[in-house]
Amino acid sequence: MPDNNAQKMNPWEMVLAQVDKAQKYLQCDQNMIEFLKHPERALVVSVPVRMDDGKLRVFKGYRVQHSTVRGPAKGGVRYHPEVNLDEVTALAAWMTWKCAVMNIPFGGAKGGVECDPDELSPGELERLTRRYTADIFSFIGPDRDIPAPDVNTNDQTMAWMMDTYSMQVGHSVPGVVTGKPIAIGGSEGRSDATGRGVVYMVIETAKKLGLKLDGATAAVQGFGNVGSSAARNLFREGVKIVAISDRNGGYYCSSGINPYELQRHFAENRTLSGFPGCETITNEELIGLKCDILVPAALENVIDRENADKVRARIVAEGANGPVTPIADEILKGKGVFVIPDILANAGGVTVSYFEWVQDLQNYFWNEAEINNKLRQIMVSAFKKVMAIAEEHQIDNRTAAQVLGIGKVAEAVRLRGIYP
Ligand code: NAD
C-alpha cells in the first residue's frame, strides 16, 4: 500500500482501508461489507473530439455509480490528466457515504475525463463536454444519476451537459445536473456552498475546542471553487488567512491575505503570482505552516506518511476529497490534530445540490437566506451525530463519520434486500 510522495496511494485502496476500519463499529456482517466494497456500475467511454486544428483526439472518460440504494446516484465530474477508474470509483464511494452522513436521499457517483483543460480551447472543451455527456447519456438522468462540477469543471460545463441531455430527450431537463447557472435552473448559494459548509464545520469545531475564530490563523491549499470560497468565508469570520496556494505554488503573508483581493488579482491575471505583499512558498511548506486551521482544498493524498508529522495546525478541515491517507490519519491522531473529515467538511456542495435538484423538480425556487439556513441546519446536525459516535466509541472523526454514513447505507441495503 504505497503512501508517499514518490508513489501516491491508490484512492480506492484508501476507501477499502477506511471501510475495514469502520467495520468494527458497524452492526454489519461480512456479507454486507462485501456488498458495500463494490461499485454498482462503472462505464468507461472513449470521447472523440474534433480539435481546432482539424485533428481528432480521443479522450478516456468514466462514470461510476457506487450506490443507488438510498436514491439516485450523485457526484461531480472531474477533468484532470490523472483521472483514472480507481480514483473515480473511490470518489463515487465517498459520495455515497457523504450523502448518507447528511441524510439526503442520494447514492454516490463520480465522473471524469482524462484531459488537461488548460490545453483545450473553449470550443474544444464544449465539444468534449457534449460528447462525454452523449456517451454517458443512458447512465444519467434526474431519477438515475445527477452530475455536478468538480475539479476543473464549473457552471458552464454543467450548462453544456444539461443542454446536451435536454436536446437528446427533446425538452429541457434542468434536474439532470446541479451546479448550473442560476439563469437555467441553478440554485442560489450553490457556487459558494462547499466552502461555506467547510466553514460551518470549522465554526462548530472551534466552539468545541474553545478556539476563538476572530484572530485565528488559516492556510488554504487550492484556490478553486472550494478553496477560494472557504478562504472568503473564513475571512468573514475574522480568521487571518496566512497562506494560499494553487497547483503552481503558494503565497504566504504573516499579516494576512485578503481573499477577495486575491480573487480579483486572479480574475485579472489568471494566476496568483505577483499578488503584492506575499512571499512564495511551496505546497509542501504550506502543509507544515504553524496555524490554527489547515484547509486542504485541492486533491487527494496531499497529507501522507511523509509529511503528516510536519502538520502544525490544530484543525485540518478537508475541503478536498481524500486529502489525508489512512497512515497520515493515524499520525495526525497521535499529534492530537482535530480532523474534520471530507464526507462531513465538504458536504455543503452536495447538500445545496440536493436543494437545487428539489427546486428543479418542483419548479419553485428558494432565496439564498433559506438555502444557507437549511444548509447550516443539516450540516450542524450531521456534525453533532458524528461527534456523538466519535465520543461513544472513542474513535477518530473520520471513522465516526464513516460509521454514520456506511451504517445508513447498510440499513437501506438490509431493508431492500439483495435482488432477486
Ligand atoms: P477547482 O478545479 O475549482 O480548484 C482546484 C484548485 O486546486 C485549483 O486552485 C488548482 O490550481 C489547485 N490544485 C490542483 N492541483 C494542485 C496541487 N497539486 N497542489 C495544490 N493545489 C492544486 O476544484 P474544486 O471544485 O475546488 O475541488 C477541489 C477539491 O474539493 C476536490 O478534491 C473536489 O473533489 C473537492 N470537492 C469539490 C466540491 C465542489 O462543489 N466543487 C464539493 C466537494 C468536494
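If you scan segment 207-250, which residues turn out to be in a strand (DSSP E or B) and either hydroxyl-bearing (Ser, Thr, Tyr) or under 22 Å from the mean Cα position of the chain (by Cα) (or both)?
The first filter runs over segment 207-250 and keeps only residues in a strand (DSSP E or B), leaving 217-221, 240-246, 249-250.
Answer for segment 207-250, where residues must be in a strand (DSSP E or B) and either hydroxyl-bearing (Ser, Thr, Tyr) or under 22 Å from the mean Cα position of the chain (by Cα) (or both): Thr217, Ala218, Ala219, Val220, Gln221, Ile241, Ala243, Ile244, Ser245, Asp246, Gly249, Gly250.
Among the residues of segment 37-68 satisfying the criterion of being of a type in the set (A, V, I, L, M) and crowded, with 22+ Cβ neighbours inside 10 Å, which is farthest from the chain's Cα centre (by Cα)? Of everything passing the filter in segment 37-68, Val49 is farthest from the chain's Cα centre (by Cα). Considering every residue within segment 250-267, establish whether at least one is within 12 Å of the ligand (Cβ to nearest atom) and touching a residue at least 60 places away in the same chain (Cβ under 8 Å). For segment 250-267, residues within 12 Å of the ligand (Cβ to nearest atom) and touching a residue at least 60 places away in the same chain (Cβ under 8 Å): absent.
Residues in segment 151-165: is at least one in the same structural domain as Arg130 (by TED's automatic domain parsing), in contact with a helix residue (DSSP H, G or I) (Cβ under 8 Å, 6 or more places away or on another chain), among the polar types (S, T, N, Q) and more than 27 Å from Arg232 (Cβ to Cβ)? Scanning segment 151-165, I find at least one residue that is in the same structural domain as Arg130 (by TED's automatic domain parsing), in contact with a helix residue (DSSP H, G or I) (Cβ under 8 Å, 6 or more places away or on another chain), among the polar types (S, T, N, Q) and more than 27 Å from Arg232 (Cβ to Cβ), so the answer is yes.
Taking segment 214-224 as the range and being surrounded by fewer than 24 Cβ atoms within 10 Å (Cβ to Cβ), in contact (Cβ under 8 Å) with a residue 60 or more places away in the chain and of a type outside the set (Val, Ile, Thr) as the test, the residues that pass are Ala216, Gly224. Only helices (runs of 4 or more DSSP H) whose full extent lies in segment 273-383 are considered here, and the ones with at least 1 residues that are surrounded by fewer than 17 Cβ atoms within 10 Å (Cβ to Cβ) and modelled with pLDDT of 95 or more are 283-287, 326-335, 348-362. Counting only strands (runs of 3 or more DSSP E) that sit wholly inside segment 1-105, those with at least 1 residues that are of a type in the set (S, T, N, Q) are 41-50, 56-67.
Given the residues Gly179, Gly186, Gly112, which is the only one that is within 15 Å of the ligand (Cβ to nearest atom), within 17 Å of the chain's Cα centre (by Cα), assigned to a loop (DSSP other than H, G, I, E, B) and not basic (Lys, Arg)?
Values: Gly186 fails: within 17 Å of the chain's Cα centre (by Cα); Gly112 fails: assigned to a loop (DSSP other than H, G, I, E, B).
Just a single option satisfies the conditions, and that option is Gly179.
Within the bounds of segment 340-355, is there any residue that is away from the ligand (no atom under 16 Å from the Cβ) and of a type outside the set (S, T, N, Q)? The answer is no, given that none of the residues of segment 340-355 is away from the ligand (no atom under 16 Å from the Cβ) and of a type outside the set (S, T, N, Q). Taking Ala308 as the residue in question, decide whether it is of a type in the set (A, V, I, L, M), within 11 Å of the ligand (Cβ to nearest atom) and within 23 Å of Asn10 (Cα to Cα). Criteria not met by Ala308.
The values are calculated or read from the model by the stated rules, or taken from the named source; none is laboratory data. Note that the coordinates shown come from a computational prediction; the quantities given were computed from them, not determined experimentally. Glycine gets a Cβ as well: all are built from the backbone with ideal geometry, and neighbour counts include every protein chain shown.
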